[in-house]
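Take a look at the structure set out below.
Read the figures in this text as sums done on the coordinates, not as results from a lab. What you see is a predicted model, and the numbers here were worked out from it, not measured in a lab. All Cβ positions, even for glycine, are placed from backbone atoms using ideal geometry, and neighbour counts span all protein chains on display.
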Amino acid sequence: MDSLVSIIIPHWNGIDVLSECLDSLKKTVYPNFEIIVVDNASTDGSEDWIKDNHPQIKLIKNDQNYGYAGGCNRGVPQADGDLVVFLNNDTVQDKYWLRNLVSFINSQPDCAAVQPKILNYYERNRFDYAGGSGGHMDVLCYPFARGRIFLEQEIDSGQYDDDHRCFWASGTAIMVRKDCFMEAGQFDENFFAHMEEIDLCWKLQLMGYKVFVHPEAVVYHKNAVSLPMTSLKKFMLNHRNSLLMLLTNYKLLTTLYILPLRYALEWVAIFYALSKFDFRHVFGIIKAHIWILLHLHIIFSRRRKIKQKRVLSDREMMDAFYKGSIVLDYYIARKKTYGDISFKPSA
């Protein structure tokens with residue numbers, strides 16, 4: 001029997017965006033899945049629209065906007081499947097995407113999470129910003145992906161079409177074993193949005209599981225629909241959440257070794273943004289650091305919880321990271337090869 005898959009879609013406003021996603025899901029060639037929409041207190045009538053137009057969908061109505069992390073977490077208790085897909089509402093999918101993901105994860109007993117290849121909705125031969133063909137991260141907690149480094153996105157010419165063990169699978173479309181997700185403690189709602197999937201995948205690997213990309217499955221994504229790329233909030237969340245992982249997911253000695261290097265690059269980012277008169281970026285970084293200083297209790301709490309789940313040491317985990325600094329190698333050294341990634345940006 002085909003595994004039951006629960007597709008959980010966190011949603012906040014934008015009926016037109018959600019409508020296209022749901023219409024696309026109707027074309028999915030897979031016989032056994034359910035759709036759960038978690039509405040984060042939309043104000044545009046989304047709840048009534050879903051009830052009227054898609055009565056077969058499980059609808060969860062939240063009392064406030066809990067972000068991506070909180071919305072997804074509140075959908076899991078209603079999920080009947082042993083496999084859960086967290087899916088952005090601004091996606092459309094190849095009709096075989098789900099069948100391919102299920103087939104892959106069922107063939108890999110040690111795989112806890114897997115993502116499809118994620119291409120841009122508007123330029124469908126270009127990798128999307130949010131995940132490309134599998135996510136990676138350097139030791140200073142700067143993420144990148146096969147097909148996307150910082151704002152550069154490659155044309156997809158089949159160069160990353162291999163099944164590949166990666167560091168993180170994109171929250172744009174990530175399939176997770178439900179029992180592993182619960183064992184890892186779900187998404188950390190302190191993240192609200194951005195990098196909560198990286199944090200989850202890091203914890204899954206510390207617990208001894210593996211994360212993959214399976215490019216035979218394909219999803220197309222309208223990047224930055226919910227939160228513009230250059231918004232102050234997005235800058236803040238990206239810097240804060242990256243620092244939150246660095247301060248909690250490493251062991252203490254590793255954290256103390258890496259932290260000064262990371263903070264030096266934070267200052268570089270501030271001065272670079274100032275040189276571009278990008279004050280939203282500057283204020284976003286400052287707000288991120290203020291949040292960290294005011295929430296040390298969260299950092300200590302996360303460290304305790306992660307210590308309890310840890311099976312692998314930092315030394316054992318280190319092979320999963322890009323060893324250098326992606327910032328320095330990309331912007332200063334102008335390298336084009338990053339581990340197994342030979343990056344070829346194109347206009």
Summed residue charge, Cβ within 14 Å of ALA273's Cβ, Lys/Arg positive, Asp/Glu negative: +2
Pairs of alpha carbons in the chain whose separation is greater than 24 Å (percent): 55
Listed peptides 268-280, 90-102 by packing density, highest first (mean Cβ within 10 Å): 90-102, 268-280
Prolate/oblate/rounded label for region 135-238 (Cα gyration tensor, a/c 1.5): oblate
Region 232-342: translational diffusion in µm²/s, Stokes-Einstein, Kirkwood Rh over Cα pairs, 37 °C, 0.692 mPa s: 210
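Any idea what % of Cα-Cα pairs in region 250-293 are farther than 17 Å? The partial results should precede the final answer.
Numbers: 376 of 946 pairs.
Tail of the P(r) past 17 Å holds 40 percent of the pairs.
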Charge tally in the Cβ shell below 9 Å around ASP156, where Lys, Arg are +1 and Asp, Glu are -1, ASP156 excluded: +1
Highest average packing first - 110-119, 299-308, 175-184, Cβ atoms within 10 Å: 110-119, 175-184, 299-308
Rg over Rh, two decimals, region 1-124 (C-alpha only, Kirkwood Rh): 0.95
